[in-house]
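This report concerns only the one structure given below.
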Amino acid sequence: QVQLVESGGGLVQPGGSLRLSCAASRSIFSSSTMGWYRQAPGKQRELLAAVTPGGSTNYADSVKGRFTISKDNAKNTMYLQMNSLKPEDTAVYYCNARTIISSHWGQGTQVTVSS
């Protein structure tokens, strides 16, 4: 079983930045596609960014150019650098670790963008 713990959420003004972290309980990055998702009230959970075991990344159009996904294999930690934040980025942010046979979720961290 893998445990994922997100941190770094909070309240930020429009145009500001936050960096989210996702710490894994054991080494999984070499075998898992890691992703960041978010879910706003009344909306479906959406995939924002993903990074493969080989390091390839992809982004949703809504965050491309503003968000950057990265990982530190030595620290078993994944990051999401979020810049130029907008009120519509307000949501609970989740990290996910996925293989062909499993999918693990963190508990989520709240991000609120408001003046």
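Any residue in the range 100-115 that is within 28 Å of Pro14 (Cα to Cα) sitting within a Cβ distance under 9 Å of a residue that is assigned to a loop (DSSP other than H, G, I, E, B) and open to solvent by 90 Å² or more (accessible area, probe 1.4 Å)? List the pairs, counting only those 6 or more apart or interchain.
From the range 100-115, the pairs are Gly106/Gln3; Val113/Gln13; Ser114/Gln13; Ser115/Gln13.
Leu11: out of contact with any Asp or Glu (no Cβ under 7 Å at 6 or more places or on another chain), among the aliphatic types (A, V, I, L, M) and either open to solvent by 50 Å² or more (accessible area, probe 1.4 Å) or in a loop (DSSP other than H, G, I, E, B) (or both), yes or no? Spell out the reasoning first.
Numbers: out of contact with any Asp or Glu (no Cβ under 7 Å at 6 or more places or on another chain): yes; among the aliphatic types (A, V, I, L, M): yes; either open to solvent by 50 Å² or more (accessible area, probe 1.4 Å) or in a loop (DSSP other than H, G, I, E, B) (or both): yes.
So Leu11 fits the description; yes.
Determine the pairs where a residue that is on the phi > 0 side of the Ramachandran plot and touching a residue at least 60 places away in the same chain (Cβ under 8 Å), located within the range 73-91, has a partner that is surrounded by fewer than 21 Cβ atoms within 10 Å (Cβ to Cβ) and in a loop (DSSP other than H, G, I, E, B) with Cβ atoms under 9 Å apart, the partner being 6 or more residues away or on another chain.
If the second residue must be surrounded by fewer than 21 Cβ atoms within 10 Å (Cβ to Cβ) and in a loop (DSSP other than H, G, I, E, B), the pairs left are Ser84/Pro14; Ser84/Gly15; Ser84/Gly16; Ser84/Ser17; Ser84/Gly65; Ser84/Arg66.
Go through the range 94-114 residue by residue and tally those that are polar (S, T, N, Q), modelled with pLDDT of 95 or more and not in a strand (DSSP E or B).
So the answer is 2.
The values are calculated or read from the model by the stated rules, or taken from the named source; none is laboratory data. Being a predicted model, the structure only gives us computed values, none of them experimental. For neighbour counting, all protein chains shown are included, and Cβ atoms are generated from backbone atoms with ideal geometry for every residue, glycine included. These accessible areas exclude ligands, DNA and RNA; they are computed on the full protein's heavy atoms, side chains included. Shrake-Rupley method; radii C 1.70, N 1.55, O 1.52, S 1.80 Å.
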